[in-house]
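> One structure is given below, represented as structure tokens, and several questions about it will come after.
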């Protein structure tokens, strides 16, 4: 899926109206319970999230007529109303699980490195040279930078599908409203408020603008601070 997005094929990143429901089953993956609670808060009604393994996702894809790598998640609608659960792809669930388990979230990681420090002292007219190794902290930067995009994408997918679970089938709405819930989702998975905001800012400034050309149905000019899709206009915060 990440390959599709980078290549600009993002029109099917999310889906609200297609997909095939699986038979009712109990929550089997720990992340399903936590993600379900997040989705319930966003949707403002009791809902659940289902994380499929690769084989089950491939089966759903075959039944729904889409490729396993073409969708990150979907919510099925019946008679104009959403069902009570969202299906998330294995990649999304793996990213959410890894993020939740990480003791240090992306922008809080501090990398350390050892440097040689040489001290020269004069003792009784003789110069003594002492070499020691010191550990210094480099400025905080995204840990697992190669997974930073996947983390933001997974959090956005959960929030996006949660908006569909609330009853809004419009992709541009779900993408914009979901983006404004992204930081909340990150915090519920153990992130700090400032780091969660950083991830949301990354998505809003680096990923969302690509929607305008890559997948116009998921983009809106009103998705901006104090725009008509701003959930909290006038508060000075975005997203």
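The values are calculated or read from the model by the stated rules, or taken from the named source; none is laboratory data. Please read these numbers as outputs of a predicted model, since none were measured by experiment. Heads up, the Cβs are rebuilt from the backbone with ideal geometry, glycines too, and the neighbour counts pull from every protein chain shown.
> Taking residue 65 as meeting all but one of (1) assigned by TED's automatic domain parsing to the domain that holds residue 177; (2) at pLDDT below 95; (3) closer than 26 Å to residue 147 by Cα, write down the number of the exception.
The one condition residue 65 does not meet is (3).
> Check 173, 195 and return the single one that is over 15 Å from residue 43 (Cα atoms) and part of a helix (DSSP H, G or I).
After ruling out the rest, the residue left standing is 195.
> What are the residues in segment 38-51 that are in a loop (DSSP other than H, G, I, E, B) and surrounded by fewer than 23 Cβ atoms within 10 Å (Cβ to Cβ), if any?
44, 45, 46
> Does segment 25-37 include one or more residues that are over 20 Å from residue 189 (Cβ atoms) and either outside any helix (DSSP H, G or I) or at pLDDT 95 or above (or both)?
First, the residues of segment 25-37 that are over 20 Å from residue 189 (Cβ atoms): 25-26.
Now drop any that are not either outside any helix (DSSP H, G or I) or at pLDDT 95 or above (or both), which leaves 25-26.
Yes, there is a match, as at least one residue in segment 25-37 is over 20 Å from residue 189 (Cβ atoms) and either outside any helix (DSSP H, G or I) or at pLDDT 95 or above (or both).
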